[in-house]
Structures are given as C-alpha cells and as structure tokens.
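The values are calculated or read from the model by the stated rules, or taken from the named source; none is laboratory data. Because the structure is a prediction, the values reported are computed rather than measured. Because the Cβ atoms are built from the backbone with ideal geometry, glycine has one as well, and the counts that use them run over all protein chains shown.
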Amino acid sequence: MSTLALAFDLGGTELRGALVERSGEVIARTSEATLAGAGSEAVIGQIIALAGRLLNEHPQAKVIGIGMCAPGPLDPKAGIVIGPPTLAGWHNVPLIDILSRQFGLPVRLENDANAAALGEWRFGAGRGAGSLVFVTVSTGIGGGVVADGHIYHGRRGLAAEIGHMTITGEGDRCFCGNVGCFEAVASGTALGRRATRLTAPGDGSKLRHLSKDGNVSARHVVEAARAGDAAARELIEEEARWLGIGFTNLLHLYSPDLIVMGGGLANGFDLLAPSIRATIDERAMQAYRDVPVVPAELGDRAGLVGAASLILWEGEPGTALAMVQDEETKNGAGGQPDAPEASHG
Ligand SMILES: [Zn+2]
C-alpha cells in the first residue's frame, strides 16, 4: 500500500475523516455529526475515534501524518484553532499539539477554505495554475487564494475573507454586522431569501411548489430555472451579476490564472456562467477579461484532499513526505520522489 495521510475536515455540522493517497485519491472515508455544542474535548475525542476506525479497517495503511482543516479563525503555523463561531467552547485550542501527541505523527492544520483551495489547485479544477482564487458559494461565501504557488495567508492567517468584502451599500445586514458584504448579497442563503420574498405560500409559483410552500432555497431556484421558470431565471441572472461583481474584484486584486467556483451553488454553475462572464466583461479592465471562471471538480472532498496534501504534497527537506522518502530510499524500497513542479504542470 502506498504512502497515505489521515485527513480530517472538521465542520460545524459534520466531521469527515479519510485516508488519502499521494495522488489525491480517497481510499477510505467516514463521517459523523459533529458534537458542535459539546466543546473541544468531545470533538477531539470524535477525531481520535474516527482515526481509529479508519486505521482498523486498513491495518496495512502506511500513514505518515495527519492533515486537518477546521473553520477559521485559526493559526495554521502555531496549529491553534482560535475560536470558530460554529464550534462552541473552542478557544485557542492547540490542535496540532494535541493530535501529534496522541498519534505520534506530524500534524498540519489549515482553515477549511484554504484547504479546499489547495485541494482544487493540486488535484482538481486548478491543476497546473500558478495562481488561482477558489470561491465557495453556499450558505456563506468563503475562499482561498493561491498566489505564485503558495497559499496566501496574510497576517495571522486571516487573508482571503472574501465573503466580507463590501460590494454594495445596500441590502440585508451580514452576520458580521456590515451592510453590503459579498456574502450578504451573493451567497446561496441570499439567493434563497430573495426567492422567498418574491413569492408567497400558496401563490402557485414553481418556486413555492418545489419548496412545498416553505422557504425557498438556492437549490429550489436552480431547479426551477432548469425547468424554464421565468422568475427563477431572473433570480439566477441577478445572482450571477452579484457573483460577477465580486469575481471582478478578485481578478483586480489577485490577478489569478483562473477562478474556481465551488460550494452548493456550483450545482447551478452552467446557468450562472453566461451572466457571470458578461458582468466580468463589462466591469473588469481589459487585461483581466480573458481569465477563465470554472466550476470546482472535487465537490465536498476538496477540503479533505487539500488537508491531506499538507502532509503528502510538499517534498522540501524536513517535511513529513521528504523524511519518509529518505527512509524508503535508504531501505531500497522507494522510487523517485515526486517533484512538486513536475507533477503539477
Ligand atoms: Zn460580512
């Protein structure tokens, strides 16, 4: 069996674990509902239990380290989860220390949006790019920036909070307290809210039919638009224009080789793409207009494989992978280590 990483994607609702190969292939996967209200010790207990389950099922697995992603804010260098709003009782938890002591393996930590960006860059829609912006559009909007071959962390790892860039002066208040955040106008939640306001229970609209006269969600809007519903098509147009405005800002700020769009709303990417493109063509300066916007490829495993790549990908001296490769070379068991540049493009 080849060299593997244990990977965990800790979310506010679901905790996922996997064994991931150097190629990015997930060979085993498990998940359970996160005990998000129970504090850090309970959730760390869940991580340890999931790891035990994966390793018991794959006793020959040669695990060289643990890659982990969690909601921000977190400090990836110090390995500390600072205090995510979706996890109760997590205050400056030294997760790398705790897990490396538990397992006796190297542990790396990254925030979930950056890990998904790494996953798409190394194994998904962004393979071969020198720079990219990954944007996840679902309940909220998050993102990660790969700039000149590295995740861009910024001060305290807080860079690329793109959901909270102000792109208008009106609309609903964002949970962060501001009005006009990208996330407040362009997330799946915002799209569902607009659709809910546009319709009423019992009005016979396609949108309310799909939602069984409850609140309309972004998923219902995509489904109705696909079926040709005019109101849903107009909502999709408006959504795409907001996304196009936000993406234009990202082009001007980071000059990526491409923008990768993931998250739940990427299911409607084909419907959104023409108006996203038209908005970019209208608003971006000439030199930025030919940058592709593409859908993500890895779905909900982007974070897991990105987290695994923190352990498996980097071949610089002193990293977990390089040490194992040295060991393999000494024992005459290993082949040539993969040079990151060679396998990346
Ligand atoms: Zn905000």
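Out of everything in segment 209-224 that is over 17 Å from ALA186 (Cα atoms) and under 30 Å from the mean Cα position of the chain (by Cα), what residue ends up being surrounded by the fewest Cβ atoms within 10 Å (Cβ to Cβ)?
In this case the residue turns out to be GLY214.
Which number in (1) more than 19 Å from the chain's Cα centre (by Cα); (2) surrounded by fewer than 24 Cβ atoms within 10 Å (Cβ to Cβ); (3) under 26 Å from PRO292 (Cβ atoms); (4) of a type outside the set (Val, Ile, Thr) marks the one condition that LEU191 misses?
If we test LEU191 against (1) more than 19 Å from the chain's Cα centre (by Cα); (2) surrounded by fewer than 24 Cβ atoms within 10 Å (Cβ to Cβ); (3) under 26 Å from PRO292 (Cβ atoms); (4) of a type outside the set (Val, Ile, Thr), just (2) comes out false.
Given the criteria closer than 25 Å to VAL81 by Cα, without any contact (Cβ under 8 Å) to a residue 12 or more places away in the chain and more than 16 Å from the ligand (Cβ to nearest atom), does GLY119 qualify? Working first, answer last.
Values: closer than 25 Å to VAL81 by Cα: yes; without any contact (Cβ under 8 Å) to a residue 12 or more places away in the chain: no; more than 16 Å from the ligand (Cβ to nearest atom): yes.
For GLY119, the condition - closer than 25 Å to VAL81 by Cα, without any contact (Cβ under 8 Å) to a residue 12 or more places away in the chain and more than 16 Å from the ligand (Cβ to nearest atom) - is not met.
If you take just the helices (runs of 4 or more DSSP H) that sit entirely in segment 143-232, which of them hold at least 3 residues that are within 16 Å of the ligand (Cβ to nearest atom) and not aromatic (Phe, Trp, Tyr)?
Because the criterion is at least 3 residues that are within 16 Å of the ligand (Cβ to nearest atom) and not aromatic (Phe, Trp, Tyr), the helices (runs of 4 or more DSSP H) in segment 143-232 that meet it are 182-186, 188-198.
Listed residues ARG16, ARG29; which is touching a Lys or Arg at 6+ places or on another chain (Cβ under 8 Å), touching a residue at least 60 places away in the same chain (Cβ under 8 Å), among the charged types (D, E, K, R) and buried (at least 16 other Cβ atoms within 10 Å of the Cβ)?
Of ARG16, ARG29, the one residue that is touching a Lys or Arg at 6+ places or on another chain (Cβ under 8 Å), touching a residue at least 60 places away in the same chain (Cβ under 8 Å), among the charged types (D, E, K, R) and buried (at least 16 other Cβ atoms within 10 Å of the Cβ) is ARG16.
Out of the residues in segment 76-109 that are at pLDDT 95 or above and of a type in the set (D, E, K, R), which is surrounded by the most Cβ atoms within 10 Å (Cβ to Cβ)?
ARG108
Consider only pairs whose beta carbons are under 9 Å apart and that are at least six residues apart or on different chains; among these, list those whose first residue lies in segment 154-165 and is farther than 20 Å from SER138 by Cβ and whose second residue is within 16 Å of the ligand (Cβ to nearest atom).
Final answer for the pair search is GLY154/ALA160; ARG156/PRO73; GLY157/GLY72; GLY157/PRO73; LEU158/GLY72; LEU158/PRO73.
For segment 251-265, indicate whether the set of residues that are crowded, with 24+ Cβ neighbours inside 10 Å, of a type outside the set (S, T, N, Q), assigned to a helix (DSSP H, G or I) and away from the ligand (no atom under 16 Å from the Cβ) is non-empty.
Taking every residue of segment 251-265 in turn, at least one turns out to be crowded, with 24+ Cβ neighbours inside 10 Å, of a type outside the set (S, T, N, Q), assigned to a helix (DSSP H, G or I) and away from the ligand (no atom under 16 Å from the Cβ).
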